[in-house]
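Enquirer: Handing you this structure, nothing more for now.
The values are calculated or read from the model by the stated rules, or taken from the named source; none is laboratory data. In this text, all values refer to a predicted model and were calculated from it rather than measured experimentally. Backbone-built Cβ (ideal geometry, glycine too); neighbour counts: all protein chains shown.
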Amino acid sequence: MGLPKPKYSSDFEKALEIGRPPNIVRLFPNSKALIVSGKVIDRALIAKGKAMTIAANGRNHFVIRGALAAAQRANAAIIIEIAKSEGGASAYCAVNFWNMARQVDMVCNELGITVPVAVHADHYGIKGDKDVEAAKVEIPSMIDAGITSIAIDASHLPDEKNLLANIALNSFIPKWAGYETEVGEIKGKEGLSTVEEALFLIRGLNAHNIFPDWIALNNGTTHGIEASDAGIQVELTRDIHNALAKYKVSGAQHGTSGNSSERLRRIARETRTTKANVATALQMISWGLKVNEYGNAYQDENKDFVKLQELGVTDQMWEEMKSYALSKSIKGGDFKKINLPFENKLLGLPREIRERMAKGVEDFTFELLSKVFNAEDTAPLALEAILRAGSYDVGPKAERVEDPAEWTEAKIKEKASKLKGDKGPEGNFED
């Protein structure tokens, strides 16, 4: 997957000098990889207008390579991310919070990637007080390892505890870093987010001088393999984003697999979304499985995935992967759990196989960036944001408009008691 030798513009050189956050400069002092805050990526997509970029879940090394190569082809700002379930302390992937930035930096330098890239910790799940306390130690370690953006996901909790957890952890996230919050646990057509819940969360944060770059919603989609074509509710998303307009928070669209290209175009065109997560589709494509235009992997009459010859891993390796899954009773969307035991085996495949694995991801991602998400040529807009700020820290989009006296802990609990919401059924919805 050879790319032409990069030509570094004066704007790029200046952005490289001033636009990389302190943790990235410390880790990679001599690097030519433009790893930036998630804020920079968000601002670039806002400047383009009616556009969002991919947040590619780097479940394996080949997804990272392919997604970065696609961004270079599209001249697009991009996000590489991993979720806590995928890459946290109890990970099912070899790529994790503590090695992802190193992989991104290495690939960018190897392939001559010059587009700006944020390294995002997605779905950093908080399910109780113990998680809050653990996060106060773990989040700084992740920043030390090169994370430049994070999503605090306490959406599993009641609304007041979600807000209070975000407030409690905010001081552990650098002010320059990208920051995403979430309302309504992502679980499909049940327990949908409401305008009132989203306003409660964002108003409460605003009162505490906390200004998220993104908000993620349960707007009707799931993670992994879609069981139906109900998909993202564009109108609900638009209504919530419009209600939040004065707080200048962008949308983060989770669970894009299973949604048609036209529905995703509508999300970019009709809402304030600038970040769209893609995970399962990229994993499946890297392995060489057949997917439809929605990114859903085909399953035959026996519910087995369909492996395409001459794409992805070798047929022999796929048989080994299937046998392992069968021995562990792993089926369907849970195939994600074979990432960790097979990463080194995949890295040990012949070069031409490794390259075609990444190439499949590259081609699929390029189509999304250029034909669906309207993200082409957003890389220069990210550079402009850095140069305009004169810093790696482009600052918040919003300012405080809420009265802190109205958002004390006692008043937060009182306000939350009046909300009407539905968290939906219990389940594993963490990616």
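Enquirer: Kindly check whether there is at least one residue in the range 307-319 that is within 19 Å of the chain's Cα centre (by Cα) and either surrounded by fewer than 22 Cβ atoms within 10 Å (Cβ to Cβ) or of a type in the set (Asp, Glu) (or both).
Expert: No, the range 307-319 contains no residue that is within 19 Å of the chain's Cα centre (by Cα) and either surrounded by fewer than 22 Cβ atoms within 10 Å (Cβ to Cβ) or of a type in the set (Asp, Glu) (or both).
Enquirer: Taking into account only those residues within the range 397-423 that are in a helix (DSSP H, G or I) and of a type in the set (Gly, Ala, Ser), which is surrounded by the most Cβ atoms within 10 Å (Cβ to Cβ)? So that I can check it myself, show each step before the final result.
Expert: Step one: filter the range 397-423 for residues in a helix (DSSP H, G or I), giving 404-407, 409-416.
Keeping just the survivors that are of a type in the set (Gly, Ala, Ser) gives 405, 410, 416.
Values: Ala405: 8, Ala410: 8, Ala416: 20.
Among residues in the range 397-423 that are in a helix (DSSP H, G or I) and of a type in the set (Gly, Ala, Ser), the one surrounded by the most Cβ atoms within 10 Å (Cβ to Cβ) is Ala416.
Enquirer: Something else now. Could you tell me which of the residues Ala135, Ala118, Ala154, Ala168 is touching a strand residue (DSSP E or B) at 6+ places or on another chain (Cβ under 9 Å), touching a residue at least 12 places away in the same chain (Cβ under 8 Å) and surrounded by fewer than 24 Cβ atoms within 10 Å (Cβ to Cβ)?
Expert: It is Ala135.
Enquirer: Which one of the conditions (1) surrounded by fewer than 16 Cβ atoms within 10 Å (Cβ to Cβ); (2) of a type in the set (A, V, I, L, M); (3) modelled with pLDDT of 95 or more; (4) assigned to a loop (DSSP other than H, G, I, E, B) does Val394 fail to meet, given that it meets all the rest?
Expert: Exception for Val394: condition (1).
Enquirer: Let me ask another. In the range 363-378, what residues are in contact (Cβ under 8 Å) with a residue 40 or more places away in the chain, surrounded by fewer than 24 Cβ atoms within 10 Å (Cβ to Cβ) and not hydroxyl-bearing (Ser, Thr, Tyr)?
Expert: The initial filter retains those residues of the range 363-378 that are in contact (Cβ under 8 Å) with a residue 40 or more places away in the chain, namely 363-366, 368-378.
Add one more test, that the residue is surrounded by fewer than 24 Cβ atoms within 10 Å (Cβ to Cβ), and what stays is 363-364, 366, 370-372, 374, 376-377.
Scanning the range 363-378 gives Asp363, Phe364, Phe366, Lys371, Val372, Asn374, Glu376, Asp377.
Enquirer: For the range 184-202, enumerate the residues that are surrounded by 19 or more Cβ atoms within 10 Å (Cβ to Cβ) and at pLDDT 95 or above.
Expert: Matches in the range 184-202: Glu197, Ala198, Phe200, Leu201, Ile202.
Enquirer: Sticking with this one: Please pick out the residue among Ala89, Ala94, Ala74 that is of a type in the set (Gly, Ala, Ser), farther than 14 Å from Ser149 by Cα and in contact with a His (Cβ under 9 Å, 6 or more places away or on another chain).
Expert: When all the criteria are applied, what remains is Ala94.
Enquirer: I need the full set of residues from the range 397-431 which are hydrophobic (A, V, I, L, M, F, W, C), under 22 Å from Trp214 (Cα atoms) and modelled with pLDDT of 95 or more, in order please.
Expert: Residues satisfying the conditions are Ala398, Val401, Trp407, Ile412, Ala416.
Enquirer: Right, another one. Might you let me know whether the range 8-24 holds any residue that is charged (D, E, K, R), surrounded by fewer than 17 Cβ atoms within 10 Å (Cβ to Cβ), under 24 Å from the mean Cα position of the chain (by Cα) and not in a helix (DSSP H, G or I)?
Expert: Pass one, the range 8-24, residues charged (D, E, K, R): 11, 13-14, 17, 20.
Checking the rest, the ones that are also surrounded by fewer than 17 Cβ atoms within 10 Å (Cβ to Cβ) come to 11, 13-14, 17.
Then keep just the ones that are under 24 Å from the mean Cα position of the chain (by Cα); that gives none.
Scanning the range 8-24 turns up no residue that is charged (D, E, K, R), surrounded by fewer than 17 Cβ atoms within 10 Å (Cβ to Cβ), under 24 Å from the mean Cα position of the chain (by Cα) and not in a helix (DSSP H, G or I).
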